[in-house]
Amino acid sequence: MSTIIRSRYLLTAAWVITLSIACVTWAAPARPKPVAPEATKPAGSDILKTSTTTPAERARLRRQLFQKARKVAALNRKLTAYFQAGQYDKCEPVIKQILEISPHNPIAWYNYACYQSRVGQGDKAIESLTRAIEHGYSSFGYLERDPDLDAIRKLPDYRKLRALQDRVQRERASKVREALVKQFGKDYVYEIDHDRKLVFATNVDSQTLSEMKQRLTTYATVQWKDLFDNTFEKYLTIVIPRKKDWRWGQRVGGFYARSSHMLIARTVGLTLVHEFTHALHYADQEGFGQSHPIWITEGLATLFESSRIVDGHAVPTTNSRLNALQRLLRRKAQIPLSELIRASHARFMQNPTASYSEVRYFMMYLHSKGMLRKWYDAYVEGYDSDRTGRASLEKVFGRKLDKIEADWHEWVMDQEPALTRLPRDSAYIGIQLTQAIDGVEVVRVIPGGGADKAGLKGGDVILQIDEVRTIEPAQLLKVVNSHDAGDQVKIRYRRDGKYQAVAVTLTKMPPARRLPRLRPIRPATTAPTTKPATSRPAGPPKRRTLPPVRKTDRKKAA
């Protein structure tokens, strides 16, 4: 029995079930502690369910579940101590107590197999591993390395476990799809990609889904080549719900639930990539039997949230977090790196503006120096002796942390700030816009502007400008800012479910006092359903995915 992996699963599926009963408002990017999935039902179905019981009944069930979870946690601590001490004769009674409380707990059955392997009960160990897999155990990378199972690896039935795991995972993926259809109805697009172990439930059309799958597949492939060693061992569920189906609060743009291996996002842009990176990273941690600190998990997720694939590699690009960090450095208000790498989740979230901007651009600094993979490998190798990452950083740089930090700050201040709004004398299209699920939605068209003359309307969703895919408003602003008034740009957009293209002649942005005050235009019906037009003007909208939420400047335009 490995202390590391068992300590990560002290709580049972009571936590997952309690989340759904309590209807927790997820605060991205906060993550629940990893737990063992309750495998009697499709993974993730609890998160999506709406409550059907009274508040009193939910409260009573929560208390019961937490009582069971505390009992299991206490028993797991006792079991871990017995394994560490080699007191195997005391293990079986404890495991049986856990199984009485949680009979479908895959980790308990896995631990039972480890015990049976240690005491020479090979056939029984195979039976327990079989039950663990049937109840949802899927960390085969760790299983193959666990020394507690060395005694049974040469048994004929051991090799059959991999085929069993594949069959069980496929069956569970089908059950997840059935649960999603029941939850969201037949208007969504549902797909299971068995080769890549992905389950989709999306409020996008088939064209957008195909594009999204290709983008995620390409991104995962390059990350498995350049950074991570361990791939998905269980299916990842990706849900892109309609606005009316979103019930996790307006401040939340998406999250990855590690316990159920489910990713839910409001858009297919920055948020989706951020949370997908979490899924890739967590799969790598599970393969190593590790649990990395928040500065690393959020550092990698934020690093690649704004990135592009260049020559088969994921290359990070700057975003507005850079501007925030540069302001902090000028005021000397940043969090010292020595504190940041030791921060708990609660401490990290006390100052999210500083924490998220610092970890993203420290990771980008490592990437720019060609040190990201070298450092990550050193960290994984030295994980048991230093989980903060300090020792591995000093090892790969050959310098003390304070010297690394000073050079990093200098590098940050040398970077070009990200474009967050168009200059007043720049060219512009003549629209006000907001974020849509898969593009940039036109909220208003300025009379007499280039967009008006080209026939764009409120409710149109801009998907591409000058061959550049525009999922986020910042991407559109960057292209427009590279042009002069009088230039023509080709815009691809969707209206009423139909894809069209038009050439727009850019005009010079008028002074703020001359921007007309317009009544909102009722948006056209789009397919897929996009975020309804609001009075928000152009420029990057609220970044709902990652706190803090910024107010949008009403004077922005594109």
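The values are calculated or read from the model by the stated rules, or taken from the named source; none is laboratory data. What you see is a predicted model; the values in this text were computed from it and never measured. Neighbour counts run over all protein chains shown; Cβ positions are idealised from the backbone, glycine included.
GLU191 passes every criterion in (1) touching a residue at least 60 places away in the same chain (Cβ under 8 Å); (2) not in a helix (DSSP H, G or I) apart from (1).
If the condition is being surrounded by 24 or more Cβ atoms within 10 Å (Cβ to Cβ) and farther than 11 Å from PRO473 by Cβ, then segment 427-441 contributes TYR428, ILE429, GLY430, ILE437, ASP438.
Beta carbons closer than 7 Å, at least 6 apart along the sequence or on distinct chains, pair a first residue in segment 463-477 that is closer than 12 Å to ALA503 by Cα with a second that is not β-branched (Val, Ile, Thr) for GLN464/ARG492; ILE465/LEU476; ASP466/LYS490. Selection of helices (runs of 4 or more DSSP H) fully inside segment 93-165 by the criterion of at least 3 residues being among the aliphatic types (A, V, I, L, M), at pLDDT 90 or above and closer than 22 Å to LEU75 by Cα returns 106-118, 122-134. Among the residues making up segment 210-262, those that are within 18 Å of ILE437 (Cα to Cα), in a loop (DSSP other than H, G, I, E, B) and not β-branched (Val, Ile, Thr) are PRO241, ARG242, TRP246, ARG247, TRP248, GLY249, GLN250, ARG251, GLY253.
If you check ARG170 against the conditions, is it in a loop (DSSP other than H, G, I, E, B) and in contact (Cβ under 8 Å) with a residue 24 or more places away in the chain? It is false that ARG170 is in a loop (DSSP other than H, G, I, E, B) and in contact (Cβ under 8 Å) with a residue 24 or more places away in the chain. Selection of segment 388-425 for residues being crowded, with 20+ Cβ neighbours inside 10 Å, among the small types (Gly, Ala, Ser) and outside any helix (DSSP H, G or I) yields only GLY389. Candidates in segment 43-69 are the residues that are in contact with a Ser or Thr (Cβ under 8 Å, 6 or more places away or on another chain) and modelled with pLDDT of 85 or more; of these, the one that is farthest from TYR137 (Cα to Cα) is LEU61. The numbered conditions (1) among the small types (Gly, Ala, Ser); (2) more than 36 Å from the chain's Cα centre (by Cα); (3) surrounded by fewer than 21 Cβ atoms within 10 Å (Cβ to Cβ) are all true for SER117 except (3).
Check segment 13-22 and report whether any residue there is at pLDDT 50 or above, surrounded by fewer than 16 Cβ atoms within 10 Å (Cβ to Cβ) and either closer than 30 Å to ARG266 by Cα or not hydroxyl-bearing (Ser, Thr, Tyr) (or both). I'd like the intermediate steps shown before the answer.
Applying the first criterion (at pLDDT 50 or above) to segment 13-22 yields none.
Looking for residues that are at pLDDT 50 or above, surrounded by fewer than 16 Cβ atoms within 10 Å (Cβ to Cβ) and either closer than 30 Å to ARG266 by Cα or not hydroxyl-bearing (Ser, Thr, Tyr) (or both), one finds none in segment 13-22, hence no.
Among the residues of segment 282-305, the one identified as surrounded by fewer than 24 Cβ atoms within 10 Å (Cβ to Cβ), free of Cβ contacts under 8 Å to residues at least 60 places away in the same chain and within 19 Å of THR217 (Cα to Cα) is ASP284. Residues of segment 417-441 that are on the phi < 0 side of the Ramachandran plot and over 27 Å from the mean Cα position of the chain (by Cα): LEU422, PRO423, ARG424, ASP425, SER426, ALA427, TYR428, ILE429, ILE431, GLN432.
Among residues of segment 130-157 that are at positive phi, those with a Cβ under 8 angstrom from a residue that is modelled with pLDDT under 85 and assigned to a loop (DSSP other than H, G, I, E, B), sequence gap 6+ or separate chain, pair up as GLY136/ALA36; GLY136/PRO37; GLY136/GLU38; GLY136/ALA39; GLY136/ALA43.
Taking first residues from segment 431-450 that are more than 23 Å from GLY253 (Cβ to Cβ) and partners that are acidic (Asp, Glu) and not in a strand (DSSP E or B), the Cβ contacts under 9 Å between residues at least 6 apart in sequence or on separate chains come to VAL445/ASP452; VAL445/ASP460; ILE446/ASP452.
In segment 359-369, the condition of being surrounded by fewer than 17 Cβ atoms within 10 Å (Cβ to Cβ), out of contact with any Phe, Trp or Tyr (no Cβ under 7 Å at 6 or more places or on another chain), under 23 Å from GLN290 (Cβ atoms) and not acidic (Asp, Glu) is met by no residue. Out of THR277, THR231, one residue alone is within 10 Å of the chain's Cα centre (by Cα) and polar (S, T, N, Q). It is THR277.
Which of the helices (runs of 4 or more DSSP H) contained wholly in segment 264-342 include at least 1 residues that are farther than 19 Å from TYR365 by Cβ and of a type in the set (Asp, Glu)? Quick ask: steps written out before the conclusion?
Values: elements: 270-288, 294-305, 320-331, 337-340.
Because the criterion is at least 1 residues that are farther than 19 Å from TYR365 by Cβ and of a type in the set (Asp, Glu), the helices (runs of 4 or more DSSP H) in segment 264-342 that meet it are 270-288.
So that you can scan it fast, the table gives a plain yes or no per residue for (1) in contact with a Cys (Cβ under 8 Å, 6 or more places away or on another chain); (2) farther than 30 Å from LEU372 by Cβ:
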residue	(1), (2)
LEU149	yes, yes
LEU161	no, yes
VAL168	no, yes
ARG172	no, yes
LYS175	no, yes
VAL181	no, yes
GLY185	no, yes
LYS213	no, no
ARG247	yes, yes
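Out of the residues in segment 230-252 meeting the condition of being under 25 Å from HIS194 (Cβ atoms) and without any contact (Cβ under 8 Å) to a residue 60 or more places away in the chain, tell me which one is surrounded by the fewest Cβ atoms within 10 Å (Cβ to Cβ).
Among those residues, the one meeting the criterion is THR231.
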